[in-house]
Amino acid sequence: MNKHVEIDNLKYEIIKDYRDAFDLEEFKNRFTDYFYEYDYIVGDFAYGKLRLKGFYEDKNPKASKINKYSSLDKYIKENCAYGCKYFVAKKNNSWYNFYSKRSILIWLIN
């Protein structure tokens, strides 16, 4: 069963927790509004400190070669210590998408 967390009114599902890397307190301490826009947040430990990096769904217009979700494995291999603990948190956008679409529909009707 995957873990679900909420931070700054954003909901995330921990879809990968390699070597039990996810620590809610560490995540809260490192998380900033910089990560709001990303679809995924990857956390890995280097020298005992949590590092976070944001990734987008491949279809997201903001995605580039280095921050597409499909490049995650390459990022882990090339930028993380071999065998390091890491986790992947996926943002649950369902409510955001529902209300965004609803707002657009209301705006178009008015």
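Label points 7 Å out from Cα along the Cβ direction at residue 64 and residue 3: separation in nm?
Distance between label points: 3.1 nm.
Would you grab the residues whose amide H sits under 5 Å from the one on residue 68? Only those 5+ places off in sequence or on another chain, please, with H modelled 1.01 Å from N.
Here the answer is 56, since their amide H atoms fall under 5 Å of that of residue 68.
Among the lysines, which fall within straight-line cross-link reach of residue 77, defined as a Cα-Cα distance under 22 Å, with same-chain neighbours fewer than 8 residues apart omitted?
Cα-Cα hits under 22 Å: 16, 49, 53, 65, 68, 85, 90.
Using modelled backbone amide H atoms (1.01 Å from N, in-plane), which distant-in-sequence or interchain residues come within less than 5 Å of residue 11's amide H?
Here 92 satisfy the definition.
Please list, in chain and number order, the residues 5+ apart from residue 86 or on another chain whose amide H is under 5 Å from its amide H, with Hs placed from the backbone.
Under 5 Å from the amide H of residue 86: 18, 21.
Could you derive backbone 3J(HN,Hα) for segment 3-13 from the dihedral phi with the Karplus parameters 6.51, -1.76 and 1.60 (θ = phi - 60°), listing whole Hz in sequence and x where the residue is Gly or Pro?
For segment 3-13, the Karplus curve yields 7, 10, 9, 10, 9, 6, 6, 10, 9, 10, 10 Hz.
When the dipole is taken about the Cα centre of segment 18-71, and only Lys, Arg (+1) and Asp, Glu (-1) are charged at their Cβ, what size is it in debye, to the nearest 20?
Working: 10 positive and 10 negative charges, 56 e Å.
That gives segment 18-71 a dipole magnitude of about 260 debye.
Quick one: if you stick a label point 7 Å off each Cα along the C-beta vector at residue 15 and residue 37, how many nm between them?
Calculated label separation equals 2.1 nm.
What does DSSP give for segment 3-109 in terms of the percent of beta bridges that are antiparallel, rounded to the nearest 5?
Numbers: 23 of 24 bridges.
Restricted to segment 3-109, the bridges split so that about 95 percent are antiparallel.
Computed from the coordinates by the stated procedures, all read-outs in this text should not be read as laboratory data. Everything quoted here is computed from the prediction, not taken from an experiment. No Cβ is skipped: glycine too gets one built from the backbone with ideal geometry, and neighbour counts run over all protein chains shown.
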